[in-house]
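Down below is the structure, laid out as structure tokens.
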Amino acid sequence: MSTLKNAADTGKSTCILEPASKLVGEMLRIMQEYSYITSFEYLEDGRGGQLKVQLSGNINRCGAISPRYSFQLHELEYWEMRYLPSKSIGILIISTSKGVMTHDQARKEGIGGELLGYVY
């Protein structure tokens, strides 16, 4: 996430994330769905792979949340206030028993999970 933020801050149109993982790929899929990035592709390099990301210029700030705090549904508003600038701006990316999703999707599903990152 820091690589994405640094590339966005310097005005680059692409960046390389390494090593690639399924979890990072799912986070990028959500970011693409919400138009924070244009596209991404997996590149094999023989050492764990890389993800080449095309930036759209819509990222103001993003970051990983460490440690990965567990939360229940009723605690979600606290985490929104802590990491997002406003209720309707940005997304929290979370890992749930039903897969990786945003905080809005988790609220609709009625489940909690673990915080992975945020983007706005």
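Taking the simple approach of a point 7 Å from Cα along Cα-to-Cβ for both residue 69 and residue 29, what is their distance in nm?
Going by the 7 Å Cα→Cβ label model, 2.7 nm.
Enumerate the lysines that residue 22 could reach by cross-link, defined here as Cα to Cα under 16 Å, with residues fewer than 8 away along the same chain left out.
Reachable lysines: 52, 98.
Report the Cα centroid-to-centroid distance between the stretch 1-40 and the stretch 59-120 in angstrom, as an integer.
That distance is 17 Å.
Dipole of the stretch 4-72 (Lys/Arg Cβ +1, Asp/Glu Cβ -1, origin at the Cα centre): which of 55, 72, 25 lies farthest to the positive side?
Toward the positive end, the furthest listed residue is 72.
Only Lys, Arg, Asp and Glu count, each charged at its Cβ (+1, +1, -1, -1), so figure out the dipole size of the stretch 1-46 about its Cα centre, rounded to 20 debye.
Values: 4 positive and 7 negative charges, 36 e Å.
That gives a dipole near 180 debye.
Hey, what's the stretch 19-120 come to in accessible area per residue, 1.4 Å probe, Å²?
56
If you scale each eigenvalue of the Cα gyration tensor by 5 and take the root, what three semi-axes come out for the chain, rounded to whole angstrom and sorted largest first?
One finds semi-axes of 25, 16, 12 Å for the chain.
What aspartates and glutamates does residue 87 reach when the alpha-carbon gap must be under 16 Å and sequence neighbours fewer than 8 apart in one chain are set aside?
Within reach: 75, 77, 104.
Would you mind classifying the stretch 1-72 by shape? Square roots of the alpha carbon gyration tensor eigenvalues, ordered a ≥ b ≥ c; an a/c under 1.5 is rounded, otherwise it is prolate if a/b is larger than b/c and oblate if not. Could the numbers behind the result be given before it?
Working: a/c = 1.60, a/b = 1.08, b/c = 1.48.
Oblate is the answer for the stretch 1-72, as a/c is 1.5 or above yet b/c matches or exceeds a/b.
For the chain, set up a GNM with springs between Cα atoms under 10 Å and report which of 63, 46, 110 has the largest fluctuation.
Of 63, 46, 110, the most mobile in the Gaussian network model is 46.
Kindly provide the helix-only [θ] at 222 nm of the chain, computed as the sum of -39,500 (n - 2.57) over DSSP H runs of four or more divided by all residues, to the nearest 500 deg cm²/dmol?
So the helix-based figure for the chain works out to -8000 deg cm²/dmol.
Report the charge-dipole magnitude of the chain in Debye, nearest 20, computed about the Cα centre from +1 at each Lys and Arg Cβ and -1 at each Asp and Glu Cβ.
120
With only alpha-carbon atoms counted, please give the Rg and Dmax of the stretch 70-115, in Å.
9.5, 27
The values are calculated or read from the model by the stated rules, or taken from the named source; none is laboratory data. Everything quoted here is computed from the prediction, not taken from an experiment. Backbone-built Cβ (ideal geometry, glycine too); neighbour counts: all protein chains shown. Note: accessible area is taken over every heavy atom of the protein model, side chains too, but ligands, DNA and RNA are not part of it. Shrake-Rupley method; radii C 1.70, N 1.55, O 1.52, S 1.80 Å.
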